[in-house]
Amino acid sequence: MKQLSLLVFLFSITCSIWAQTEENLFEWQNGHNIVVKDKFLELHSDWEQGDTPAYLYKEYDVFSNRKAPYRIQIIGVGNEKMPEGGSYELFAIYHNGKKILEHQADNFFCEIGDITADTCKDHLFTQVPLSDDSFALLFGNCILGDGTPPEMVVAVVAGDTAKVVYDGCAYAYKYTPGENFAVEYVKDIEDYIATESIQNLTKYKIWKEGNMLKYKSCK
């Protein structure tokens, strides 16, 4: 009986730790205004394009509630054609002919298999519905040759507004697409690859609740 009580107590502590670390990834303010939390922007691009020419590689239209589409541009710098393997340096989002967001990778973007547990391994980005007039887009890259973990970028789009709400390292070990979106990931790639286990690593999760993306971490 004492052992059972101890297990219940430990479980309650674990649950309370999860609850304490759970929070909104961003905030909604006055409808479509997206309030970013700087602590979730761990990576930033420190390279400057300068006079190096940029080239449009690909364009995609994505929709929200069957309204005017948003156009996603995949852009490369320096190379006139997209290199083999599909790498590129930045993306831009347009709505009604107006650019509402442009974001550069810390290194480069490419297909997003490593940030979606291979669920979207042939895609350059994926869309997550949040509400009738808002959604999120996930961009990212792969594990680099030096062991650097993948970069994951989450942009939230609503009306004529789009902002990056997450830019950080993320190697996904579990991914659920669509309405039940969730991504569970680690940042410590070396220990994960060496042990093939996440048991002793800090684990992170971003998931959808209503029109919000939530975040938590646990070890």
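For Lys214, work out the one condition from (1) modelled with pLDDT of 95 or more; (2) exposed (fewer than 14 other Cβ atoms within 10 Å of the Cβ); (3) among the basic types (Lys, Arg) it doesn't fulfil.
Unmet condition: (2).
Do the conditions hold for Val128, that is, is it over 30 Å from Ala194 (Cα atoms), in contact with a strand residue (DSSP E or B) (Cβ under 7 Å, 6 or more places away or on another chain) and either touching a residue at least 60 places away in the same chain (Cβ under 8 Å) or surrounded by 15 or more Cβ atoms within 10 Å (Cβ to Cβ) (or both)?
yes
If you go through segment 50-68, how many residues are in contact (Cβ under 8 Å) with a residue 12 or more places away in the chain and out of contact with any Lys or Arg (no Cβ under 9 Å at 6 or more places or on another chain)?
Qualifying residue count, segment 50-68: 9.
So, in segment 95-139, of the ones that are of a type in the set (A, V, I, L, M) and touching a Gly at 6+ places or on another chain (Cβ under 7 Å), which residue ends up farthest from Gly168 (Cα to Cα)?
Leu124
Every residue in segment 36-64 that is hydrophobic (A, V, I, L, M, F, W, C) and within 17 Å of Glu102 (Cβ to Cβ), please.
Scanning segment 36-64 gives Val36, Leu41, Leu43, Trp47, Ala54, Leu56, Val62.
For the subset of segment 19-52 comprising residues that are at pLDDT 95 or above and open to solvent by less than 40 Å² (accessible area, probe 1.4 Å), which member is farthest from the chain's Cα centre (by Cα)?
Only one residue fits best here, namely Ile34.
Out of contact with any helix residue (DSSP H, G or I) (no Cβ under 8 Å at 6 or more places or on another chain) and part of a strand (DSSP E or B), is that true of Ala92?
Yes.
For segment 61-72, which positions are open to solvent by 30 Å² or more (accessible area, probe 1.4 Å) and modelled with pLDDT of 95 or more?
Correct list: Asp61, Arg71.
Please enumerate the residues belonging to segment 79-115 that are among the β-branched types (Val, Ile, Thr) and within 18 Å of Pro150 (Cβ to Cβ). Working first, answer last.
So the first thing to find is which residues in segment 79-115 are among the β-branched types (Val, Ile, Thr), and the list is 93, 100, 112, 115.
Ile112, Ile115 - these are the residues of segment 79-115 that are among the β-branched types (Val, Ile, Thr) and within 18 Å of Pro150 (Cβ to Cβ).
If I ask for residues that are among the basic types (Lys, Arg) and part of a strand (DSSP E or B), which ones from segment 204-219 would you list?
Once the filter is applied, which keeps residues that are among the basic types (Lys, Arg) and part of a strand (DSSP E or B), segment 204-219 yields Lys205, Lys208, Lys214, Lys216.
What single numbered condition from (1) in a loop (DSSP other than H, G, I, E, B); (2) surrounded by fewer than 19 Cβ atoms within 10 Å (Cβ to Cβ); (3) touching a residue at least 60 places away in the same chain (Cβ under 8 Å) fails to hold for Leu144?
Unmet for Leu144, out of (1) in a loop (DSSP other than H, G, I, E, B); (2) surrounded by fewer than 19 Cβ atoms within 10 Å (Cβ to Cβ); (3) touching a residue at least 60 places away in the same chain (Cβ under 8 Å): (3).
Show me the strands (runs of 3 or more DSSP E) entirely contained within segment 147-203 in which 2 or more residues are open to solvent by less than 50 Å² (accessible area, probe 1.4 Å) and under 19 Å from Leu90 (Cα atoms).
151-158, 161-169
Among the residues in segment 94-110, are any open to solvent by 30 Å² or more (accessible area, probe 1.4 Å), under 23 Å from Val36 (Cα atoms) and out of contact with any strand residue (DSSP E or B) (no Cβ under 8 Å at 6 or more places or on another chain)?
Yes, some residue in segment 94-110 is open to solvent by 30 Å² or more (accessible area, probe 1.4 Å), under 23 Å from Val36 (Cα atoms) and out of contact with any strand residue (DSSP E or B) (no Cβ under 8 Å at 6 or more places or on another chain).
The values are calculated or read from the model by the stated rules, or taken from the named source; none is laboratory data. Please read all numbers here as calculations on a predicted model, not as lab measurements. Positions of Cβ are generated from backbone atoms using ideal geometry, with glycine treated the same way; all protein chains shown enter the neighbour counts. To get the accessible areas, we keep the full protein, side chains included, count just its heavy atoms, and leave off ligands, DNA and RNA. Shrake-Rupley method; radii C 1.70, N 1.55, O 1.52, S 1.80 Å.
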